[in-house]
Amino acid sequence: MPGNVLARRSPAAAWLAENGAVAALVVLVVALSLLSSDFLSLTNLLNVGVQAAVTAILAFGSTFVIVTGGIDLSVGSVAALSAITLAWTATDAGVAWPVAVVVSLAVGVMAGLVNASLIAYGKLPPFIATLAMLGIARGLALVISQGSPIAMPEAVSALGGNLGRYLPIPVIVMVVMGVIAAVILNRTYTGRAMYAIGGNEEAARLSGIKVDRQLLITYGLSGAFAAVAGIVLASRLASAQPQAAAGYELDAIAAVVIGGASLSGGKGKALGTFVGALILAVLRNGLNLLSVSAFWQQVVIGAVIALAVLVDTLRRRGTY
Amino acid sequence: MSEPILRAEGLRKGFPGVQALDGVDLSLCPGEVHVLLGENGAGKSTLIKMLSGAYRPDEGRVLMDGRQVDIRTAGDAQRLGISTIYQEFNLVPELSVAENLSLGRPPRRFGLIDKGAMVRQARELLARVEVDVDPRTPVARLGIARMQMVEIAKALALNARVLIMDEPTAVLTTSEVDKLFVLVRQLRDEGVAVAFITHHLEEIAAIGDRVTVLRDGRSVAEVPADTAQDELVRLMVGRPIDQQFPRRPAELGEPLLKVTGLSRRGAFDDVSFEVRAGEVVGISGLVGAGRTEVARAVFGADRYDSGEVTVRGRRLPPHDVHAAMEAGLGLVPEDRKGQGLVLTADIGENLGLVTLRDATRAGFVDRKGQRTAATKVADQLAIRMTGLNQEVRTLSGGNQQKVVIGKWLVADAHVLILDEPTRGIDVGAKVEIYQLVNELTDSGRAVLMISSDLPEILGMSDRILVMARGRLVGELAAGEATQDDVMALAVTEVEGSRAR
Ligand SMILES: Nc1ncnc2c1ncn2[C@@H]1O[C@H](COP(=O)(O)OP(=O)(O)OP(=O)(O)O)[C@@H](O)[C@H]1O
Ligand SMILES: [Mg+2]
């Protein structure tokens with residue numbers, strides 16, 4: 001019985017076994033630092049951080065949704081739409097950039113609210129509702145931009161740079177968004193309601209939680225986080241691209257699940273998601289350093305996702 | 001006495017933080033009903049789960065017909081002829097009754113599932129347990145008692161030599177219990193060895209032959225089933241209990257809950273009653289009489305077509321749980337797993353669910369305050385746990401039930417609707433809960449209690465309402481009513497209207 005073994009181990013070992021993703025990350029980092037001398041350099045590690053940032057921010061938003069037992073396939077498209085909106089309002093429409101940022105965030109939230117309305121009031125399964133939004137948001141991004149990139153206002157583009165000499169701003173944004181996500185999940189009414197809804201929606205409802213309203217907030221948050229991710233991505237490229245972040249929703253979901261969340265709801269942590277996103281980024285970076293071809297990289301990453309979740313499931317099975 | 005079919009020797013099983021079983025022996029003999037008795041968390045369910053292949057023992061061995069066997073999976077148990085009805089349901093809610101009954105081994109023709117045969121077989125099984133449901137109904141639409149009967153039918157389908165039943169009567173009314181007993185006796189006489197778990201002491205002499213008492217994971221005694229109840233209680237709890245139903249009537253005040261002309265087509269019709277401050281009103285009736293449906297509609301969990309619900313003078317909007325709670329209404333639902341608990345969350349989280357909103361300031365939850373309140377209630381109810389952060393799903397059934405009740409104690413509702421509140425709770429803990437009901441009414445709260453346990457209804461209510469086929473058919477003063485009076489009303493045919 002794994003449970004019994006657990007009880008006897010040292011607290012640190014027990015914690016690692018409980019947080020399988022952290023253990024996996026440690027193994028990965030150790031292995032890569034042995035295989036490649038460049039891996040542990042400061043520049044490379046910061047690079048990994050920048051690589052992880054967009055996925056991580058999207059994934060924090062997805063964590064909310066997955067904890068409620070839902071799924072949000074639209075985050076990549078919504079990120080692109082929000083970035084395009086920002087760039088377009090600031091340049092073509094000539095609005096001051098702070099206003100453009102607010103408009104862009106509002107677009108992300110709106111997309112989330114539409115998702116939630118379809119789910120809560122239209123009774124669509126989250127998969128379908130957000131799949132529709134995936135198409136709609138991407139299409140709107142293409143319509144607004146007429147298919148070509150739009151330059152970001154310079155003030156916003158600074159987000160893609162460094163603070164001081166070294167510290168990349170995307171990494172700072174990632175950490176801030178992670179802390180916000182953790183606080184929401186652990187400390188706020190909405191966060192606790194998310195766990196209750198994902199664990200047992202009927203019990204949540206009979207305990208007085210307004211499930212529909214909480215779902216609106218949940219998907220709204222996911223949209224807002226997607227908008228932030230879109231802005232960070234566009235800032236790094238200095239231009240908003242209508243095709244940006246395509247497929248990122250799957251990375252986000254993978255990060256959340258690797259981080260220990262359950263797709264059936266009720267389980268998941270911001271820290272886990274953060275580690276999940278880091279694992280994906282470290283893996284990509286390591287495979288690049290080892291000059292593994294991009295084609296093989298996809299194979300390896302797919303296998304790692306399956307493996308991570310498999311180990312987690314097997315570990316949990318014993319306790320039922 | 002014949003040779004045992006199944007023998008368990010020195011079984012031990014630990015979970016993180018608890019030794020659930022600590023050396024248990026058990027012999028199940030053909031043609032005998034063996035009752036397992038013990039407090040909540042004593043280890044009864046853990047014991048039978050090791051015989052059914054759900055858990056593996058850490059130590060000890062199991063013998064079938066004198067030969068040691070290794071039961072690793074549910075399939076192994078089935079092959080050995082052991083069939084189990086678990087305390088928590090194992091039905092797929094979305095599938096029909098017939099599909100559930102033939103799950104895993106559906107009748108086939110030309111390699112495809114033969115739906116006709118499946119429904120026919122299901123009809124036969126349902127007829128054996130005498131439940132009146134269409135085999136094509138999805139299980140989710142059955143009430144909890146009928147689900148239990150479907151579980152029993154499912155276990156019968158296996159024609160097992162050893163039949164294990166974990167609290168099958170917890171959710172049944174007297175008439176269904178009687179039907180079940182007829183069935184169990186018939187199986188017993190055919191030579192099946194039956195293990196039977198119950199917290200209803202009066203059932204022991206009625207159905208059992210021998211009793212094994214478990215305490216803190218050990219088998220402490222094996223006695224004949226006609227042992228006096230007091231003695232059984234002493235063996236089980238370690239101390240005598242002098243009064244099983246310590247109802248202390250309180251001074252009655254204003255009506256706190258008023259229900260007038262509540263109707264929903266096909267479920268209940270023109271239901272009117274009130275519950276006053278300090279009063280315990282019991283609702284009795286057969287399964288399917290519409291008691292739970294009325295309770296859920298009053299609480300706003302389901303809609304109704306017409307009628308009015310007033311709590312403390314405030315008329316409630318229909319189908320609005322939140323408004324009902326704001327007005328001071330609480331509901332302990334009958335199905336703890338489906339409606340009462342968030343199984344993925346811990347005990348503290350579950351206990352704090354109802355008060356989450358009140359404990360929130362500017363969006364932030366006062367976690368410390370929530371934990372303090374939860375600790376108090378957990379102590380009050382003597383929930384057997386390793387700590388507030390134990391996951392609810394790893395609690396014993398009775399202790400899970402305490403969590404559902406505890407949730408509303410934390411919330412301090414003015415009018416509490418209890419739907420089968422002591423389902424699966426041991427005798428000692430029942431008395432604790434009754435004392436809590438007394439305290440609630442002493443402080444001017446009102447309690448509406450639905451229960452299929454007639455002694456409980458008679459012993460704890462001040463006034464008894466009886467429902468049959470969706471209507472209120474009578475009212476009895478608790479002091480004078482007898483079980484027969486209640487049953488006579490419960491089987492009333494209601495003219496003109498028919499629910500379901
Ligand atoms: N999977 C598990 N993980 C941790 N503890 C468990 C697990 N399953 C059972 N326990 C603990 O083992 C003890 C015995 O539980 P069990 O379910 O066997 O009790 P029971 O006698 O059936 O009680 P009840 O009458 O309430 O159904 C309890 O303290 C329970 O919390
Ligand atoms: Mg049990």
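The values are calculated or read from the model by the stated rules, or taken from the named source; none is laboratory data. The structure displayed is predicted, hence computed values, not measured ones. Glycine also receives a Cβ, built like all others from the backbone with ideal geometry; neighbour counts cover every protein chain displayed. Accessible surface areas use protein heavy atoms only, side chains included; no ligands, DNA or RNA. Shrake-Rupley method; radii C 1.70, N 1.55, O 1.52, S 1.80 Å.
The sole residue among B:GLY75, B:GLY43 that is at positive phi and touching a residue at least 12 places away in the same chain (Cβ under 8 Å) is B:GLY43. Looking at the stretch B:23-42, can you tell me whether even one residue there is more than 30 Å from B:MET147 (Cα to Cα), open to solvent by 50 Å² or more (accessible area, probe 1.4 Å), away from ligand 2 (no atom under 16 Å from the Cβ) and out of contact with any Asp or Glu (no Cβ under 8 Å at 6 or more places or on another chain)? Scanning the stretch B:23-42, I find no residue that is more than 30 Å from B:MET147 (Cα to Cα), open to solvent by 50 Å² or more (accessible area, probe 1.4 Å), away from ligand 2 (no atom under 16 Å from the Cβ) and out of contact with any Asp or Glu (no Cβ under 8 Å at 6 or more places or on another chain), so the answer is no. Among residues of the stretch B:422-433 that are near ligand 1 (Cβ under 10 Å from one of its atoms), those with a beta-carbon under 6 Å from a residue that is assigned to a helix (DSSP H, G or I) at least six positions away or on a different chain give the pairs B:GLY424/B:GLY397; B:GLY424/B:GLY398; B:GLY424/B:GLN401; B:ILE425/B:GLY398; B:ILE425/B:GLN401; B:ASP426/B:GLY398.
Taken as a whole, the structure places B:ALA155 among residues that are touching a residue at least 60 places away in the same chain (Cβ under 8 Å), away from chain A (no Cβ under 14 Å), open to solvent by less than 30 Å² (accessible area, probe 1.4 Å) and away from ligand 1 (no atom under 16 Å from the Cβ). Condition first: more than 16 Å from ligand 2 (Cβ to nearest atom) and in contact with a Pro (Cβ under 8 Å, 6 or more places away or on another chain). Can you find one or more residues in the stretch B:361-378 that meet it? Among the residues of the stretch B:361-378, not one is more than 16 Å from ligand 2 (Cβ to nearest atom) and in contact with a Pro (Cβ under 8 Å, 6 or more places away or on another chain), which makes the answer no. Taking the stated definitions as given, is A:GLY268 touching a Ser or Thr at 6+ places or on another chain (Cβ under 6 Å), within 14 Å of another protein chain (Cβ to nearest Cβ) and not in a helix (DSSP H, G or I)? When the stated conditions are applied, A:GLY268 passes them. Taken together, the residues in the stretch B:80-94 that are of a type in the set (D, E, K, R) and either open to solvent by less than 20 Å² (accessible area, probe 1.4 Å) or within 16 Å of ligand 2 (Cβ to nearest atom) (or both) amount to 1.
Just to be sure, is B:ALA122 buried (at least 16 other Cβ atoms within 10 Å of the Cβ) and of a type in the set (Gly, Ala, Ser)? Judged against the criteria, B:ALA122 is a match. Residue count for the stretch B:335-388 under the criterion of being away from ligand 1 (no atom under 16 Å from the Cβ), surrounded by fewer than 18 Cβ atoms within 10 Å (Cβ to Cβ) and among the hydrophobic types (A, V, I, L, M, F, W, C): the result is 2. Where strands (runs of 3 or more DSSP E) fall entirely within the stretch B:247-343, those with at least 3 residues that are out of contact with any Ser or Thr (no Cβ under 9 Å at 6 or more places or on another chain) and touching a residue at least 12 places away in the same chain (Cβ under 8 Å) are at B:268-276, B:329-332. For B:ALA140, the conditions (1) in a helix (DSSP H, G or I); (2) within 16 Å of ligand 2 (Cβ to nearest atom) all hold with the exception of (2). Taking the listed residues B:ARG239, B:ARG210, B:ARG215, the one that is among the basic types (Lys, Arg) and either in contact with a Leu (Cβ under 8 Å, 6 or more places away or on another chain) or within 16 Å of ligand 2 (Cβ to nearest atom) (or both) is B:ARG215, with no other qualifying. Checking B:GLY217, B:GLY282, B:GLY261, B:GLY278 one by one, the residue that is touching a strand residue (DSSP E or B) at 6+ places or on another chain (Cβ under 9 Å) and under 20 Å from B:SER452 (Cβ atoms) is B:GLY282 and no other. Reported count of residues in the stretch B:125-149, each being open to solvent by 40 Å² or more (accessible area, probe 1.4 Å) and farther than 27 Å from A:GLU202 by Cβ, is 3. Could you please let me know if B:ARG393 is among the basic types (Lys, Arg), surrounded by fewer than 24 Cβ atoms within 10 Å (Cβ to Cβ) and touching a Leu at 6+ places or on another chain (Cβ under 7 Å)? Spelling it out, B:ARG393 is indeed among the basic types (Lys, Arg), surrounded by fewer than 24 Cβ atoms within 10 Å (Cβ to Cβ) and touching a Leu at 6+ places or on another chain (Cβ under 7 Å). Scanning the stretch A:283-292 for residues that are open to solvent by 10 Å² or more (accessible area, probe 1.4 Å) and touching a residue at least 40 places away in the same chain (Cβ under 8 Å), we see that the one that is nearest to the other protein chains (Cβ to nearest Cβ) is A:LEU283. As a summary of the residue check, B:GLY444 satisfies the conditions (1) away from ligand 2 (no atom under 15 Å from the Cβ); (2) of a type in the set (Gly, Ala, Ser); (3) part of a helix (DSSP H, G or I) except for the one numbered (3). Screening the candidates B:ASP216, B:ASP166, B:ASP178, B:ASP226 for the property of being open to solvent by 70 Å² or more (accessible area, probe 1.4 Å) and closer than 30 Å to B:GLU99 by Cα yields one hit, B:ASP178.
Does B:LEU418 qualify as being within 14 Å of another protein chain (Cβ to nearest Cβ), away from ligand 2 (no atom under 16 Å from the Cβ) and out of contact with any Gly (no Cβ under 7 Å at 6 or more places or on another chain)? Yes, satisfied. Of all residue pairs spaced 6 or more apart or on separate chains, those with beta-carbon atoms under 6 Å, a first member in the stretch B:159-187 that is farther than 13 Å from B:VAL33 by Cβ and within 16 Å of ligand 1 (Cβ to nearest atom) and a second member that is part of a helix (DSSP H, G or I) and modelled with pLDDT of 90 or more are B:ASP166/B:SER45; B:ASP166/B:ILE48.
Filtering B:ILE241, B:ILE283 for residues that are within 25 Å of the chain's Cα centre (by Cα) and modelled with pLDDT under 95 leaves a single hit, B:ILE241.
Taking helices (runs of 4 or more DSSP H) as the structural unit, those lying wholly within the stretch A:134-200 and holding at least 2 residues that are away from every other protein chain (no Cβ under 14 Å) and open to solvent by 30 Å² or more (accessible area, probe 1.4 Å) correspond to A:154-157, A:169-187. Check the stretch B:368-384 and report whether any residue there is within 11 Å of another protein chain (Cβ to nearest Cβ) and within 18 Å of A:GLY208 (Cβ to Cβ). Within the stretch B:368-384, one or more residues are within 11 Å of another protein chain (Cβ to nearest Cβ) and within 18 Å of A:GLY208 (Cβ to Cβ). Residues in the stretch B:367-382 that are part of a loop (DSSP other than H, G, I, E, B) and either of a type in the set (Phe, Trp, Tyr) or at pLDDT 90 or above (or both): there are none.
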